[in-house]
Every structure is written in structure tokens, then in C-alpha cells.
1. Please determine whether any residue of segment 3-11 is assigned to a loop (DSSP other than H, G, I, E, B) and surrounded by 12 or more Cβ atoms within 10 Å (Cβ to Cβ).
2. Can you find even one residue in segment 35-53 that is loosely packed, with under 13 Cβ neighbours inside 10 Å, in a loop (DSSP other than H, G, I, E, B) and touching a residue at least 12 places away in the same chain (Cβ under 8 Å)?
Amino acid sequence: MTRVTLTGDLVVWDCFEQPYCTTRDYTAFGPFLFGRDQYDKAVQALSAKIAAHE
């Protein structure tokens, strides 16, 4: 799991955790930063592909 934070220009993925394996340490994993416009376009494209297969 991760926290996804949306801002005007960025999408940030951070605070990763694995709820089924709580002994794993993800503190050094991320954060991952994505440009908001590019991220939104990628999510829209994926959503359209999924909808086409329903």
C-alpha cells in the first residue's frame, strides 16, 4: 500500500507498507514523484483500456 498525494503539479507516492508482511522495512523506498499532467494522462489511458475490456 502507499499514500498518493495529488498537488497542482505533482503526484507523490510515499509511505509504502506491506500489510501482510509487516516485518519488511520500506522506509528507504521512495518517495516517487510524477508530473501531474503526464500521470493524469497515463491513468486516463489505462482506464480507457480497462473499460474497453468490460
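1. Pass one, segment 3-11, residues assigned to a loop (DSSP other than H, G, I, E, B): 7-9.
Still in the running and surrounded by 12 or more Cβ atoms within 10 Å (Cβ to Cβ): none.
So far as segment 3-11 goes, no, none of its residues is assigned to a loop (DSSP other than H, G, I, E, B) and surrounded by 12 or more Cβ atoms within 10 Å (Cβ to Cβ).
2. Among the residues of segment 35-53, not one is loosely packed, with under 13 Cβ neighbours inside 10 Å, in a loop (DSSP other than H, G, I, E, B) and touching a residue at least 12 places away in the same chain (Cβ under 8 Å), which makes the answer no.
Any read-out appearing in this document is the output of simple, stated calculations on the displayed coordinates, not a laboratory observation. Please read all numbers here as calculations on a predicted model, not as lab measurements. Cβ coordinates were reconstructed from backbone atoms using ideal geometry, including for glycine residues, and neighbour counts include every protein chain displayed.
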